[in-house]
Structures are given as C-alpha cells and as structure tokens.
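Trainee: Attaching a single structure in structure tokens format; questions to follow.
Taken together, the values in this text are just the output of simple stated rules run on the coordinates, not laboratory data. Here the structure is a predicted model, which is why all the values come from computation and not from measurement. Positions of Cβ are generated from backbone atoms using ideal geometry, with glycine treated the same way; all protein chains shown enter the neighbour counts.
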Amino acid sequence: MISGFVFRALDGRIVVAVAILLGVALLVPALNLMTPPDSALHIPTYAVSLFGKYLCYALLALALDLVWGYCGILSLGHGAFFALGGYAMGMYLMRQIGSRGVYGNPILPDFMVFLNWKELPWFWHGFDWFVFAMAMVLVVPGLLAFVFGWFAFRSRVNGVYLSIITQAMTYALMLAFFRNDMGFGGNNGLTDFKDILGFPVQADGTRAVLFAMSAIMLALCLLVASAIVRSKFGKVLVGVRDAESRVRFLGFRVENIKLFTFVVSAMMAGIAGALFVPQVGIINPGEFAPANSIEVVVWTAVGGRGTLIGPVIGAVLVNAGKSFFTGAFPEIWLYALGGLFIAVTLFLPKGIVGTVQQGWNSRKAMKAAAEAEKGRDEAVPVTQAQAAE
Amino acid sequence: MTLKSFLQALLACLILSFAAPSFAQSDPKPLIDALAKADFNEAEKLLGQIAATGDARVVPALNAFAEGDLYFRKSDNLVFIAKAAGSGFELIDPLTGAAAGQAAKNAVTKIKVNNNLRRVIRSAMGGLTLLSPDRAVRLQAAEAVLRSPSPENLDLVEAALAKETDGEVKARMEEARAVSVLSSDRSIDEKRSAIETIKNLGGRNSLGILNSVSGSIEVGLKGDLDAAIASIESEQQLWDMAQNVWYGLSLGSVLLLAAIGLAITFGVMGIINMAHGEMVMLGAYSTFVVQEVIRDNAPNLFDWSLAIALPVAFLVTGAVGLVIERGVIRFLYGRPLETLLATWGVSLILQQTIRSIFGPTNQEVGNPSWMSGSFPVGGMTITWNRMWIILFSMSIFVALLVVLKKSAFGLNMRAVTQNRRMASSMGIKTPWVDAFTFALGSGIAGIAGVALSQIDNVSPNLGQSYIIDSFMVVVFGGVGNLWGTLVGALSLGVLNKFLEPSVGAVLGKILVLVLIILFIQKRPRGLFALKGRAVEA
C-alpha cells in the first residue's frame, strides 16, 4: 500500500521536475565550487544564494498550492508559517553564535544583553541543539496550523472569511514579534549568524550545501504533495474544493481532511522558512507582513494553482523578475507586479502551467475526437481512458 | 541646618509680620541689603522676612537672586541687580528697577545662591504673587500653590485669602490653603476640614496630595483621609471610564470611516477590495492638493478647505472606482477570491503612482482653526478634531443609510444584490448599478480620507494601515449590513481602548485580533448575519 502511495506520486511531470531539481542540486554547487571564477560556466556565490532563496519561495508557493489549489482554502497567512519556521532556525543560529557576539555573552544573544535580560527565556531552551530546532521548524508552524484549523474548519469558516482571519492571524503575529519583550529580537529580528552545524554560514561551501538542501527539500516536498493529491485522499480533497457540502453528505469528515492538508502545508512552509534564513542571513517580523503572504498567492496564481509544478515555476519566475526589475528599474517594479496581478486574474485564471495543460488537453481531445470519427467501436475505450485522467 | 528649626523661625517671623496691622508697609530695602553679608542660613531667614513684607516690588530682586544676578558693592555693601556690560557691570536698583550706574568687575561681589535657597525663593515668590493686584496673576499663583503645596506658604495664603474678594480666586485659594494645611502642623480639626475641601475638589492632583501625606498624617485623621482617598478614587474611576469610552468612540468612528466604504464594496457587492485603503489614501491626497491650491490662490478660504475637499475627494475617488470596476472587476464577479488578487494589483499601482507624483514622504495637511483646541467636560478633556470626526462619521453613516433605503439608486442596488437576474428582467441595467455601487463605495472611502488626513500622516502607505482593520470591522459586524459595520466599528474601538491601559497598545491590538478570530469561529457570519438565501449566494 505504501509502495502504491509512492508510485502514484511518480507521475511523468513530477518525475521530470524532481530529476531537474536533483540535477540542479548537484550542478549549481559544482559549478560554483569547482570552476575558476573567470570561467564562463562559473556561478558566483551571490547567485547561488539568490537561486536558493527562489527555491525556498518555490517551496512556500507549493505549500500554499496544496491548500489553495487542491483544497480551496485561500490562506492569506502562509507567510506566518514560513516566518515561524525561519524564526526556529534563526534561534538555533543565534545560539550557535555563543560568545562571539558583540557583548560576548556565552548564553544570551546580543539583543537580550542589550535589553538587560538576565537569563534565557524558557522558550529559547533546547534551540542550541540542531535536532530539536529542526523538530521545532515542523512543530511550531504545524501546531499553529492545527489549532487555528481545528477551530476554523470545525465551525465551517470558509471562503472569504477564512482568508481574512488568516490575514488577521499573520498580522497579529507581526505585531507581536515587533514587540521587544516577546524575546525574539523585536524590530531587528535575528541576525549576525556565525555558523550552522559548525560550518561558517558565509562560506561558499556552506552556501552551496544550503542551496542543494533547498533543491532536495523542494523535490521531496513535491513528491509528498504529489503522493497526497494522487491518492484516494487527494480525490476527496479536490471534492472538498469543488463541492464541500456534497463531500460532507457522502459521509466524509470535511474538517479533518482540511485540517490534515492545512497542517502538512504549514509544515512545508516552515521548512521553506528554515532553509531561507541561513541563506539570507536575517529573519525579522517584516516576514509576517500580510503583503508578503498575498505575494505568495500571486506566485501560485501565476504558475497555475491546482498543478504542483505551477507554483514552483511561478515563484521562480516572479522572483527572478523582481530581482531584475528592482535592480534595473526600481520605480517600475510595483507597476509590473500590480499589472501582473491584474493580467493573471483576467487573462490567465489557470496560470501558466494550467493554460499550457489546457491547450495540451484540448489538442488531445481533438485528436481523440478525430479517432472517434474513424471508427465508432474504438471510441468507447478512449472516453474511458479520458475519464480516468 | 535643621529644617524644622528654620521653619519655626520662619513661621514666627511670618506670623509676627502678619499680626502687624499693615504688614505691607515694612520696608524690604534693608532686608535686601542685609543679604550682602549673610551666609546661606541667614539668607534663608532674610528671604522669609522679605517674603513676609508682601511687597511685590521685591519680585525682580528675588528672581535675580535665584539666577545669580544679585551683587553687592564692596564699597558700601549695598545690593544691586547687575548685568554684565562691557568689561564691568550695569547696576540696577533691586526695588525700583532704576539704573544705578556702572561698576568695575572687581568693585562688586556676587551673592552666592544654592539650590535650597532657590527653592525657598520659588515658594516665597508663589506667596508674593498671591497678593498681586492683578486677578489673573493671583489665580495663577493660587494654582501654583495648589500644585506644589508647602507649609511655608500657609500664612501667606491665609493672608491673601482674607483680602480676596473675587469668588473664583477665593475658591482656588481655599483649596490651596487646604492642601497647605495638610502638610503643616495645624490642629486636627483644621486638617479634617482641609481633607473635606480637597475631597470635594477631586481630581488626580488632589489624590496625589492626599496620598503623599498619608504616611505622615495624625492617627486620628487616618480614617478621614482614607475615606477621602476612596471617594476621589471612585469618582476618578468613573471619569477614567468615561474618558476610555470617549477615546473608544473616537477610535471606533475612525474605524467606521475607514470601513464604511468597504461595507459597500465588500459587504454589499462581495468584492474583496484590497484597493480600498488606496481610495482612502487618494481622498487624503485630494485634501492635500485642495489645500495647496487654496494656500496659493485664496489663503483666506483655508478654514473652508475641508468642505471644499469633500466633494473633490468624492468625485476623484469615485471616478477612479468607476474606472477600476469597468476595467477589471466586472470580469471577476462571482469569483471573490480573484477580485482580491486583482484589486491588490490595483492597489500596488495606485500606491506607486502617488509615490511617483508626490514622493514617498509625508505630506503636510493643515488643520483648519475650528478643528484645533480642546474643551474640558468634567474630569476629561475633549479635543475638537476628535469631536468633529465622530460627528462626521456619524453623518456619513446616516447619509449612506438614507441613500440605500430611500433613493431610487439605493432601491436598484438592493434589488441587484438580492436577485440579479430578476432585477435585470425588471429593466434595471445591472452592469451600471454595479459600476456606480463600486464608485459610491470608493467615493465614500475618499471622503473618509479627507477626515483621516486630519489625524494621520498623509503618505502613500496611508491606506495600508487601515485595510486590515477595515476588513475586521466589516467581517465582525456582518457582511452586507451597514448597522453591523456601525456596531462593529464602535465596539472594536471601545474594546481596544479598554484593553490598552492594562496591556499596552500593541498587545491590546493583538488581543482584539485574536478575539475577532475566535468570534468568527462562533458566528462565522458576523454580528448581524444576513439570513435566508442571500447567504448561500
């Protein structure tokens, strides 16, 4: 049964995407580390970090797509899960600084010394241990999603209302993390990281490995997401998206289905955040800003929601565009982004991948119709095959 | 030096001098001149005597003493106020203020002053001005004593009280006397009536005075004092409550202003209008432009600038709303989550446009004269701008309600909302009703922007700070119901202000958000939910 679960995940396009990601995970670090800087094939370290950042965003977009594209929950608070994962990683990295901080306190991070704190708050304990921190990367966003979803889905808050309260959630968290006495560095967040598992964060090698890890985690999450949506559970999931009441009347516990998906998605967002922080070198409350979460929705919409590789493509494309525009024409970027939002909703409601897929399907349908014209007896198996799609 | 012995000496002097029938006639001149050779202790006593003369002419000399501008001439030990002039000093007679010639630098010596003396001088001056012929000065002096009572002033206050004829000043002096009595060593009965007077006075300041003496008060008075403190505290609590409610209503009316346009575009039409905040921002910028034009062309009309800005903002934002509806939103009806994306895009474009035209910094929007200032009501202060904003938001609410319920357009609008196809069959041009409904919602947001420009920074990010709050208000109040928006806005405002004193502003806001999230679980359709078929549509 498990193997069936895995095999179903390996649909053609996912295999290609995973293969590409694994290839990138090997190739980019290799080109960065093993070629001389003046070689035409050399990839500079800043580019490795930049691409690594895109991959984290891609993972975040994938996480959102799982709930939005397949379950119909438009979360405007996924940035919160991302940031929480990032903070968990940031806390580990802060503890690794040890006595190398500005104030040289072996236990307390700089900002706590600065705020005149005497001892480590209880929720910082354990974060010097990598395994614990990594567990928290999954547990904290997962727990928040569980509690939030438990209440929201049980009381059947859906559609616009759910979107707005998820936005309120991330907004409230942002306000909370801006407070100095929360113990997460307030305004400035966590930064000045020194090393991760003993390797200096700034070193080329570490950055290359972080990049590879981002690509591998993205590939892994693609497989997990693919396994989920292609399982029987996934079929029910789409049913919840398209006709929630009917699924409920058929005897399914809709709230549990939604809750499971929401929690898995939040954990993926947490992983994305945890990989993001060491590559960018800072995490601050700005990551909780509602605008960030809305931007994630756009990446997903551009790439095509309800397709698994769509959000990945959308996130990479939009962010590459952002890097280009903010560098070359900074004042045009907001026009471009705003225009993109409008254009995608008006002209590409299915996104890039969805539109391509639609074109592909209609060509196939036309071919099938042509086949059907030739011999009526052959028509029956073709339609069956189509129905199974 | 023991303060007590000094006080006793001072009191003795004061009482002696007051006992004399015409104390004001004793000449302060020799007392001032005596300062020349006095050490700090003696100077303190002399100051008491100078104050006891009740002669207002000594005020400049005392001032100069405190400032360190009082000198004496070595040749004859006469005291002068000296101002540095060239290489020497310009001498001024300490009492008359007449010029008294020049002196070389080494011909005069500064009379030393220390902080203790300065304090004595301050309280002596407070007492002296109590006797001023000018009513305003006396009132001020009485209030100064009231704020910082000291037993040294008591006799002066009483002397002044005896001579006072003006009712208001007299009342103030009574109170000043009462607070001074408490810290003096007067009899218990006198103190008891003083406590009574202070209790009737009420207010935070009285509470502070009573609390400050509660450690040193006689045992017999402890009960009276505690009763008075409790009475003032309970009264204070009432006023605090009233003040909180007022602040809450004021915040609530700001929320109402920000949300009421959204109650139409989101609540009635079902569009998740993320560009709503930008409409508010456009309204604020319209105000700015109108004020700039008025400043340049007709400065005397400035007090009318807001009245002029209102229709301008309504038309500008209404027109922008119309364009957005015709250009983008009409293709997205029935897909509310996608209107969110498209209008978010619109909001980014509007923000960047304003940023390109006006720059990213805050713009200066002036307050007309009738909006500044404040007036007291009992124990609280009400500022005019808050007052006007509350009135303004209420009148917008009423006007909108009238438009929706009484006008033909409102009727069409409600018909389209309830049953689009039926309305269309009856000959209502539904696309235009949609367009103008959106324009109306946007225009109202623009009007709100005019009001909010008075209390907030006018920058391209103005709208961003209101958008989430506005959605919270509409969702909390119940979508599609203007009354819900009103009740939602006011109750969130009051709740926020009641949480603020105990948990702080930011935490209060977080708590309100959490409470709304929990509330939505309980009532997923808000306070005033629409019932019937419209719910499922």
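Trainee: Any chance you could tell me what percent of the C-alpha pair distances in chain A go past 31 Å?
Mentor: Pairs farther apart than 31 Å: 41 percent.
Trainee: Working only with C-alpha atoms, what are the Rg and Dmax values of region B:400-537, expressed in angstrom?
Mentor: Calculated on Cα positions, Rg and Dmax stand at 17.7, 57 Å.
Trainee: May I pose another question? How tilted is helix A:351-374 with respect to the longest principal axis of chain A? Cα atoms for both, answer in degrees (0 to 90, nearest 10).
Mentor: Taking the Cα atoms of chain A, the angle to A:351-374 is about 20 degrees.
Trainee: Further question: Provide the gained length on full extension for the span B:Asn461 to B:Trp239, in nm with one decimal, where the gain is 0.36 nm per separating residue minus the Cα-Cα distance.
Mentor: Working: separation 222, 0.36 × 222 = 79.92 nm, distance 3.60 nm.
Result for the pair: 76.3 nm of gain on full extension.
Trainee: At a Cα cut-off below 18 Å, give the aspartates and glutamates reachable from B:Lys191, other chains included and same-chain residues fewer than 8 away excluded.
Mentor: Output for B:Lys191: B:Glu152, B:Asp155, B:Glu158, B:Glu174, B:Glu175, B:Glu218, B:Asp224, B:Asp226.
Trainee: Which whole-percent values make up P(r) of chain B when all C-alpha to C-alpha distances are grouped in 20 Å steps starting at zero?
Mentor: 18, 32, 25, 20, 6, 0
Trainee: Would you mind calculating the relative contact order of chain B from Cα pairs under 8 angstrom and at least 6 residues apart, reporting the percent as a whole number?
Mentor: So the answer I get is 15 percent.
Trainee: Shifting gears a bit: Going 7 Å from the Cα of B:Ala171 toward and past its Cβ, which residues in region B:182-219 have a backbone nitrogen under 20 Å from where you end up?
Mentor: Within reach of a label on B:Ala171: B:193-207.
Trainee: Order these by the 10 Å Cβ neighbour count, fewest first: A:Cys221, A:Cys71, A:Cys56.
Mentor: A:Cys221, A:Cys71, A:Cys56
Trainee: How big is the equivalent ellipsoid of region B:227-285 along its three axes, where each semi-axis is √(5λ) from the Cα gyration tensor, reported in whole Å from largest to smallest? Write out the running numbers ahead of the final one.
Mentor: Numbers: eigenvalues 338, 29, 7 Å².
Over the Cα atoms of region B:227-285, the semi-axes work out to 41, 12, 6 Å.
Trainee: Work through the residues other than A:Leu197 whose Cβ is under 15 Å from its Cβ and net out their charges, Lys, Arg +1 and Asp, Glu -1.
Mentor: +1
Trainee: Please average, across the residues of B:499-509, the number of beta carbons from any other chain that are within 10 Å of each residue's own beta carbon, and give a whole number.
Mentor: What the average comes to for B:499-509 is 2.
Trainee: Set the Förster radius R0 to 35 Å, insert the Cβ-Cβ distance between B:Met387 and B:Arg523 as r into 1/(1 + (r/R0)^6), and round the FRET efficiency to 0.05.
Mentor: 0.60
Trainee: Please compare each pair in B:Lys37/B:Lys105; A:Lys53/A:Lys118; B:Lys29/B:Lys170; B:Lys170/B:Lys199 to a cut-off of 25 Å on the Cα-Cα distance and tell me which ones are over it.
Mentor: With Cα atoms farther than 25 Å apart: A:Lys53/A:Lys118; B:Lys29/B:Lys170.
Trainee: Across peptide A:345-353, what mean number of C-beta atoms from other chains lies inside 10 Å of a residue's C-beta?
Mentor: Shielding by partners across A:345-353 averages 3.
Trainee: Could you tell me the distance between the Cα centroids of region B:192-262 and region B:368-440, to the nearest Å?
Mentor: The two parts, judged by their Cα centres, are 38 Å apart.
Trainee: So, in nm, how far is label A:Lys235 from label A:Trp360 when the simple model puts each one 7 Å beyond its Cα toward the Cβ?
Mentor: Spacing of the two 7 Å Cα→Cβ label points: 2.2 nm.
Trainee: For A:Met34 paired with B:Trp432, estimate the spin-label separation in nm (one decimal), with each label point 7 Å from Cα along the Cα-to-Cβ line.
Mentor: With each label point 7 Å from Cα toward Cβ, the separation is 7.2 nm.
Trainee: Which peptide among B:41-50, A:274-283 comes first, and what is the full order, when sorted by highest mean count of other Cβ atoms within 10 Å?
Mentor: Sorting B:41-50, A:274-283 by mean packing, highest first, produces A:274-283, B:41-50.
Trainee: Residues of region A:341-368 with the amide nitrogen closer than 15 Å to a label point 7 Å from the Cα of A:Ile20, along Cα-to-Cβ, please.
Mentor: A:352-357
Trainee: Once fully extended, how much extra length lies between B:Asn205 and B:Ala227, figured as 0.36 nm per residue of separation less the alpha-carbon to alpha-carbon distance?
Mentor: Working it through step by step, the gained length comes to 6.3 nm.
Trainee: Extension gain B:Arg414-B:Ala84, at 0.36 nm per residue separation less the Cα-Cα distance, in nm?
Mentor: Using 0.36 nm per residue and subtracting the Cα-Cα distance, I get 110.6 nm.
Trainee: With bins 10 Å wide starting at 0, give me the P(r) of region B:256-362 over every alpha carbon pair, in whole percents.
Mentor: Spelled out per bin, shortest first, that is 14, 41, 30, 12, 3, 0.
Trainee: Then there is this: Between the helical axis of B:115-129 and the dominant principal axis of chain B, each derived from Cα atoms, what acute angle in degrees is found, rounded to the nearest 10?
Mentor: On a 0 to 90 degree scale, this one is about 80.
Trainee: Additional query: Tell me the Kirkwood radius of the protein assembly as shown: reciprocal of the mean inverse pair distance over distinct alpha-carbon atoms, in Å.
Mentor: Roughly 33.7 Å, rounded to one decimal.
Trainee: So how far, in whole Å, is the C-alpha centre of region B:83-115 from the one of region B:498-514?
Mentor: Using only Cα atoms to place each centre, the spacing works out to 60 Å.
Trainee: Rounded to whole Å, give me the distance from the Cα center of region A:149-179 to that of region A:196-252.
Mentor: Distance between centres, Cα-based: 22 Å.
Trainee: Please report, in whole Å³, the volume per residue of the convex hull around the C-alpha atoms of region A:86-149.
Mentor: That works out to 86 Å³ per residue.
Trainee: As a footprinting exposure proxy, order B:Tyr247, B:Tyr285 by other Cβ within 10 Å, with the fewest listed first.
Mentor: On the way: B:Tyr247 19, B:Tyr285 25.
Lowest to highest Cβ neighbour count: B:Tyr247, B:Tyr285.
Trainee: I'd like the mean, over residues of B:457-467, of how many other protein chain beta carbons sit within 10 Å of each residue's own Cβ.
Mentor: Averaged over the peptide's residues, the number is 1.
Trainee: Work through the residues other than B:Gly449 whose Cβ is under 15 Å from its Cβ and net out their charges, Lys, Arg +1 and Asp, Glu -1.
Mentor: Value of the local net charge: -3.
Trainee: Could you give the angle, 0 to 90 degrees to the nearest 10, between helix A:376-388's Cα long axis and the longest principal axis of the Cα atoms of chain A?
Mentor: 20 degrees
Trainee: How many times 2.2 N^0.38 Å is the alpha carbon radius of gyration of region B:269-323?
Mentor: Normalised by 2.2 N^0.38 Å, the Cα Rg of region B:269-323 equals 1.31.
Trainee: Among the trypsin sites (Lys or Arg not before Pro) in region B:446-537, which ones are in a DSSP loop with at most 14 other Cβ atoms within 10 Å of the Cβ? Mind listing them? If you can, show how the numbers build up before the last one.
Mentor: Values: sites: B:Lys497, B:Lys509, B:Lys522, B:Arg525, B:Lys531, B:Arg533; in loops: B:Arg525, B:Lys531.
Here the trypsin sites (Lys or Arg not before Pro) that fit, given the DSSP loop and packing criteria, are B:Lys531.
Trainee: Can you tell me the Rg and the Dmax, both Å, for the Cα atoms in region A:142-279?
Mentor: For region A:142-279, the Cα radius of gyration and maximum Cα-Cα distance read 18.9, 57 Å.
Trainee: Next question. Please report the equivalent ellipsoid semi-axes of region B:22-135, computed as sqrt(5 x eigenvalue) of the Cα gyration tensor, largest first, in whole Å.
Mentor: For region B:22-135, the semi-axes come out at 23, 15, 13 Å.
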